[in-house]
Structures are given as structure tokens and as C-alpha cells.
């Protein structure tokens, strides 16, 4: 047949052609393309267009029509391949990636198999796989949409780092065309509507992925929306050539794609599994078509055929699992192989006779541990760890003996400078780590005194090496002591802490379970959302994995990482010290000592106070990490002395050390009551909290002296605590005081022992209480705590918490402990519960309130001399339990005859009966000194306070004369003030009208905007409302607040007319009655910044010259103003001249100083004796240098 020709299928002609199908797919991908440009910029358009053109150009030599003639655009399949490949690229891909990827997709994925219709695998995925394997770095660089900040994709970070809405819209990092599920679904809907999309692949794909995710404990919706699953299910897996043709085959094919996608994501090192899942299933397409093709009419052995099909499907499932498991093993092997090589290479350097090693559990990218064996016996450990130095990662191999002691180390790789950082390889530097044990370097152990001998000018490199040694010792310690070791000496529960991130304060919550850190959640932060979330999740994994905050920060998110680590440290303080406000003004001149728990052990300080101010702080002792703590402590010393307060900003990276130091300073500022021994001979018992549990002691007193101390019960470590107790017993008895040194290595137990003695000897006169049930409230850490106390036979029998808003896991155990302590002591004077200080204070305040109410022996307050009441009706207001209570009293003949409650917000069925009872009692007693109503204490107190207020209004007292107060007078106008804030100067402008502040504007500042500007807004409102700068500073912006208020004061000083001398004190120059004495006169007065001193020259009673002798004004502003003022005064011969704009304060100071000088001239003239001469001519002679000189004078 001469006209016959060979051509690949399809051969059946329909109205839909290949070209029409392909170009409809192109149209369906337009929404995703537009979205990629919107999210990642115009470069995304180049990636798509460049890949498409590369595919089309490479395919031109292979394009022929059915007559054998070459055509340019072909059938459109190359365009589809190019667009899909382009949409799968990261937004940072170099310009040449689309070209190489397009060429590989067409040549290897398509034409190598014979062109369209013959290719086994999807060409676009073949191209993507080649690019991913060949240029992994370029194919895994992701950025956030819009701002282009480097980050990771949602699948590459642990946990769910993006919301489902963000995944659906596409505002997450990822390949440019995969992120927006919305745009892809719009395109898919178009294809389905046009009849080009078979959902028998897409729906099984999505459902299988969801079910697999559920089985593996993953959010199924997150799994579907994240990554390339949507584009894979609707545009790639449905490729007509590489997918099965049979209906049943398509369903099985889709299921396989979904299962493999999730399995690859979870169990391999590839966070995205779509590419390899679909490529693997492409290989099974022909098998599925063969198994599930239809049968010819009359065909026999159908049953056998179906059994075989079921067997093949089962075999395929097994293959899926085997492939996934093999990928997982391959991933682990790829990680372990280089580690194995390093261990093999260096094992015999430290263990010459070893014959092998075993890799142990807990493997991580930056820390690996191997157990070294010799003849089946453990001879030591090799730890291979990494830390970030000055120029990059430092890899260190540390050898540790079976007892957990370092025997040597070797730097395997680093990127430090050849001149400085490279010195970390020196043997003499590494020798300092030999002999170290875990206890020597880890801050969670009450440990030794190791100090790093850092290399000069290579401190960061040295610290990084020390950190690798510490990490190595930690890994070995886990193996030696097992996984039950408590890394955090905290009760199970949730703890919160704060730190300072890139955008300001952040708060985290950590979960402790059986001594282990189980979870970390960032509660609030102000950092860049996408970037910060990724960093937080990665850092969370590192901290939980290491059970330590001493981990590397996330590259590109250093400040966010440091803030999170600081907040975790803050939450996990094993002895979380409260930093109180320190008041030094009440202290006499002298030196005072204080102590508080730091990160590792107690920090002891001594402060020096002079004239009520703190002038020096000396650190007596600390066990903190030297190279971290000492710079922090020096910084804190300066801050505390500068601000005269212990509430200053903590030093980032040394949070716990900072807290301990500041708490020690505050402790030093507390004047303790002298330790007193009871005079009555007896045995006294007391309890206090030790390091692990309560310590109960019994103290024997004879003849006013302590003669014996016995520990009745304790929960401390016996071999540590009991020798310490014995030593302390002897010291206390010898000193007859608890002011003795604690025992090193048993500090917590020592403190508890001494506190128990103090509590035992803190004897108070027994107070009997009225029997009954009482309620009261106290302010806790998060809100009010309401308690109920039952008193029987004059003793506290039971305490019940009725209501509170504290954290249950923390407050519940604290309430139980406090109940036991209060009942044992029959007093609220007991120790607070560690880690629940605020809660404890609120609980005990409520107990104290109740016991004051129930006490029988209360001291009667001295009543002031009663003054008669005026007849009439008077109102008063008092604070009740819920809100204010307003009452009205009627007075007749100086007696209260009626009391009526005008308004209240108390609980009616409780308060109103109480008001009736109180009304009757007050009228009978003609006094408010009556008992409150049990069960309505707060309402009763408010009622009585309101009656007192009304009685005070009715008293017939002569009004006291109020002292006259000189009201400050301000000039109307706009005035500026400048003062130093937290970072730099703050310049403000104050507008005054009718002697009132009507507006304040901040003209310039360099404070942190997110913190300072809201504070400025609040302060403006407060100052205008108070018409004064005597308002509270804004918490968290103290420095900025103080600068703002001082600047307002400066502006008001400029506007004040009080300092200008009265006109009658310094008469104006030029008035007839004003005469000046000739000569030079000086004057001094306050200018804008400080005093201005000047000299004025008077000749013939006129001002002829003015010289400014000294000033501290701003030179560029003040000195031109002074010259202008000189000219104006000399010209007018008066000080009544205009000031210079922009230098009002300096101008007014100049005029005030000039008035002082002119007043001096006038006074001198008045002091000169008046001479009376007769008119006429007179002669006189005086001896000159050579001879006499004769003169003649004329007197008129």
C-alpha cells in the first residue's frame, strides 16, 4: 500500500483532538500561574514561560504532522509539560534551571521513549526529579510570599506551621504553583466541566492520602492542602499517557499514589512525596491495565483470572510497603554512612585496641553517639557533635570513658579563620577538656567550678567547642544513667515565661512531665509570622530533643530564636526567683548583703548605700558559667545603679543569672528583723521547704539559748543532706543564730533547714479565734482567690478554696501545701510555695483577713475625740465585695436615726439581709465598730465604710484653713522640650491655652516604635487629664516614659512665668526714674539647659556692651540667639524685647541674667554718697612723674 504510513496512537478520530485537549489544560493552569505571579512576583512568570519555551523549542525537531511535515508548536503537550514543570519550581530557582529542566523533561522523559503516547513516566516529573537530584540546593530554597524572606515550607517544618486558610489561599512558602489550592481547584473545575478530567484518579488519590494520614496520626486536611498533592492529583497523576486506561486500574492507581505520597513524606528524608509517588505508580500503569482490562464474550476461567488479579493487587501492596521501607532505610543510610566513616577513621586514635562500635539511639543531624567495644565489652563512647562557631559549623569528635569522663577530643571539620579560629585544633587548647564529667559543665547539676580558657580573639570559636563537649557528655550521661533522669527539677505541669524577640516581648508555655520537657508552645509574639513560626517549630524540636535550651539558633531567625530560648529559660527556672522592687532610700549609710538562687547556684552580693542611694554592688560569690555570667553581671550592675532599682531589663542569653543577681540585690535592700530566741524554756517545732521536700525540725531552748536541734522529717538526699544538717546544727548552736554559711553542695537543703529553725522560733502569743465559718478573698497571680476557713474550739480546722482563676496544675498542689502549713502553724505566717509565689500570697492574704475578723484579742484602735454631728441628711460611699456601696444617713439631735442603702452591686440575697442587720447594729451602737456579717464580709465592710464616710461629712468641724498655694502661671503658646529617652533624645511640643495643657505632640524620637508610640499616646492622655506630669510611667516602656515626661517638664519650664522677676523688682531701662551706675556688672540666671552668666558694660548710664561669659545651652541654637538679643537690648536700652524664636528658653535666661546685672548697677548707684559742691572754678596741684601737675575744674 503505497499511501500507508506508520504513526503512534491514538488512531480513533473524535471531535476532541490531542491539540484541543492540551491547550484546554494550558487554560486550566492559568489561574495557578496568575496566583504564582501575585504571590512571588514577576520572576515566577519567567520560570513558567521559560520552562514552557524550553520544552517547546527542544521538541521542534520531533514535531511532525501526519503527512510527515515538521510543525512548530506541535500538539501542545510540550507546552503543558513546560507549564507544570515551571509551576513546580521554587521561586528562587536560578535562570538556567527552567532551561535545563525543560530540556531534560522532553529528551529524557518523553522522546527517549518514542514521543507522546510511548512515554512511561510523566515528562514534567522526570524533569523535576532530575533537577532535584542534580541541583538539590537550588531546588530547596524557599521564601515567603510577598516579602521573599528565606524560610521552610510547611511540610519541611515539624508540626502545623500554617493555618488551613493560608494553605487554601496559598500565602505559604513552596513551589510557585503548588501553594494555592484555590487556584488549582478553579482550573480543575474547568477541566471537569469541559470533560477533560477523570475523577477516578483524583478522588481516590485524595481519599487514600487522607486515610493514610489518619492512620499515621496526621491531620488529613493539612496533608491534602500542603505541598503538591492538589496539583498532583488533578493535573499530573491524570496525565492520559502515563496513567492507566482502564477504569478499575485508574482507581487502584490513584489509591497507590495517595498512600505512597504520605508514606514518603513521613518515613523518608523527602518532605514532599508527590513526585516520586506518581513516578513509581507510573511504572505500574501498564500492569494495572493488563489486570483490569475487559473480557471477550464467552471467555472461560474467569474465576481463576480474578483470583490472580487479587493476588497481584496484594503483591502490589507489599511492593508499595517495601519501596517505602527501602526509601526510609536509604535515607538513614545516607545520613549514617558519613558518620560511620568518621567513627571508623578516628576510633583507634582514642581506643587503640577497640574492635568495633555500635551506633546508639537518639540520632540527630548535629549529634551522634557510638558505643565502642573490645571483645564484646564496652570500653568507651565516641560522640560526634556540631555547633556553630564564628564562621560556621565546628565538628568535634569527643572520646569518653565508660565512667563518663572525657579522655580526648579532635576537631574533625570547621570553617574558622586560619589565623585565629583554627587554633581550636591545638592540642593544648583541647587538653583542658580532658577529665571533665557531665557534672562539671551542665548547669542543671549543682556542679563544680569549670572555667573555659578561651583563645584570645577567638571566643566564639572556643565557646562552640566547649558546647560540643558539653553535648557529648550529655549524650553519654543519658546512656549511663538511663532515660528516667530528671532533666528539670520541677513538678509535672505547665510553666510560662517571657523573652525578648525581634518584634518585642514573646511568651511561651512549656509542659513538664515526670521531669522531662514534653512540649513547648509560643503563646504570643510580635515577630514576622511566617518566618517566626518556622523558626519556633524547628527550635522546639531541637530543645525537646536535647532536653536543654543550649542549642543552636535558627539561621536567619537569630533574634526570634534567642527570644524563644530566653522565654523557655524563664519558664524552666528550677528555683524561679521573684525579683522585687528594691528601695534603697530607707537604708542607712553602709554595706548590706543579699543572696538569691541563680542559674547554677546562689549568687551572693554586697551593696553600698550612701545618702539613701545605691553607689556600688560587689559580687561576693557565684557559680554561674564565667564567660556568660560575668559580662551579664557587669551590665546589670550599671543598670541597677543607674536606675536605682532592681527591676531592670534582664540580659538576653543569661536570664536566670540575671534574675538571681537582681533578686540578690533586692534581698540586700530588705531590712530583716533581728533573730530572737524565745525566753521561755521549751521545745519548738518548725517546717520549711528544702531542696526536694519539706524539712521539719525541733529546737530545744533552755535558759534563753538554743541547746539542741533535731531533724524530725525530711525528703532530701540522705547522703548529702544529713551531714549538712549536722554541720549546720553545730554552727547554729555555736553562733546562737541562723546567720551562718550554707553548706556547699547542699545549698537548697541548708536554706530549708535554717528557715525551719527560724519558723520554729518565730513564736507569737497564742490568739484564740471565734468559732465559725468565714470567707474572704485575696489577690492572686491571675485574679482573686476566695477561700473559706472553718474554726472550731478556737483553732483553724479546715481551709477550702471556693473560687480562683489561677493555673490549675500549679495552684492546686500549692493550695494543698499551704493548707497543711497554715493549720500546722495556726497562722498565715508560713513559707510561700516555690513556683506559685503570687498564688501563695493571695491565698495567705485571704487567710490573714479571716483571722483578723475571727480574732478575740484584737487591739482596739484609739478612737479620736468624737465631734458632734450636724443635723441633716448625708451620703457616703464605700467599696463592697463587687463594687461601690452608697448609703444615706439621717442625723437628728446629733444622733443617727436612719440609714438607707441608695445603690449597690452586691449579690442581693446575701448582701441585703446583711445590710438590714448592720443597720440595726449601727443605730443601736451609734458607731460603725460592730461585727461584720459572716458570709458577707466584703459587703459588710463596704457598708460600714460608706456609713463612716457619711458620718465624716456630718461632723461639725471647723474647716481648716488650706495653705495658700502659689499657682503656677503659664504663657499661652507652643513650647518645646527635649530630654533623653531609653535610646536617644525625645523632642516634644506642648500647646498651652488659658493656663492649661491642651495638646502634646512628639516631634522626634529614636525609641522602638512598637513599644514607645503606644506609651506616648497613653502618657499624652494621662498628662492632659491630670494637667501634670505626676503620672505613672507605662510598664514595659519605663525609659521612654521618663524621657517623655521630663521633656514635658522642660517645655512647661519654658512656658512658666514664675521665674521671670516682677517688673517692679527690675525697672525697665530708659524710664526716667531708672538710673544706672557706669561700670561692668555680672548676672547669672537659669536658661533652657542650665545657668547663663553674662557681663554688661554701662557707660554714661547706657548699655554699651553685653558679653556672655558662660552657658550650657545648645551652641548652634543659643549663640546666634545671644547675638540677636544683644542687639535688641542695646538698641532698645531695655530688657522688654522679644525673645528669639526657636530659642525661647535661652532668650529668657539671657534677659533674666541681664536684669540681675542691671539691678546690681542700680544698687551701686544708690549706695554712692551724694556730694554737694558750690558752683565756681577750682584749681588743684598733684605730683606727676617728672614734676607737679596743676588742673582747674568748673562746678555748675
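Points to keep in mind about this one:
- Measuring r between the beta carbons of residue 457 and residue 630 and using R0 = 22 Å, the FRET efficiency lands at 0.80.
- Cα shape, the stretch 772-854, gyration tensor, a/c 1.5 rule: prolate
- Cα-based shape type of the stretch 14-60, given that a ≥ b ≥ c are square roots of the gyration tensor eigenvalues and the cut on a/c is 1.5: oblate
- Per-bin percent of Cα-Cα distances, the stretch 590-668 [5 Å]: 3, 18, 31, 28, 13, 5, 1
- Separation in nanometres of the label points that stand 7 Å from Cα toward Cβ, at residue 138 and residue 505: 4.8
- The modelled label-to-label distance for the pair residue 427/residue 1133, using points 7 Å beyond Cα in the direction of Cβ, is 9.8 nm.
- D (Stokes-Einstein, µm²/s), Kirkwood Cα radius, the stretch 351-481, 1.567 mPa s at 4 °C: 86
- In nm, spacing of pseudo-spin labels at residue 118 and residue 163 (7 Å Cα→C-beta vector): 5.3
- Mean projected area in nm² (Cα convex hull; one quarter of hull surface) for the stretch 973-1055: 4.5
- Note on residue 784 and residue 739: the extension gain reaches 12.6 nm, defined as 0.36 nm multiplied by sequence separation minus the Cα-Cα distance.
- Stretched out straight at 0.36 nm per residue, the stretch from residue 395 to residue 45 would grow longer than its current Cα-Cα span by 121.8 nm.
- Residue 910/residue 707 FRET efficiency (R0 41 Å; Cβ-Cβ; nearest 0.05): 0.15
- For the pair residue 952 and residue 1193 in one chain, pulling the backbone fully straight at 0.36 nm per residue adds 78.4 nm over the alpha carbon distance.
- Computed E for residue 793/residue 925 - FRET, C-beta separation, R0 25 angstrom, nearest 0.05: 0.30
- The alpha-carbon atoms of the stretch 16-197, seen along their principal axes, cover 55, 38, 28 angstrom, with the largest extent given first.
- One equal scatterer on each Cα of the stretch 1079-1167, no solvent, Debye formula: the resulting log10 I(q)/I(0) at q = 0.14, 0.18, 0.23 Å⁻¹ is -0.42, -0.69, -1.10.
Bear in mind these aren't lab numbers, they're just calculated from the coordinates by the rules spelled out. Note that the structure is predicted; figures quoted are calculated from it, not measured. Using ideal geometry, Cβ is built from the backbone for each residue, glycine included, and neighbour counts are taken over all protein chains shown.
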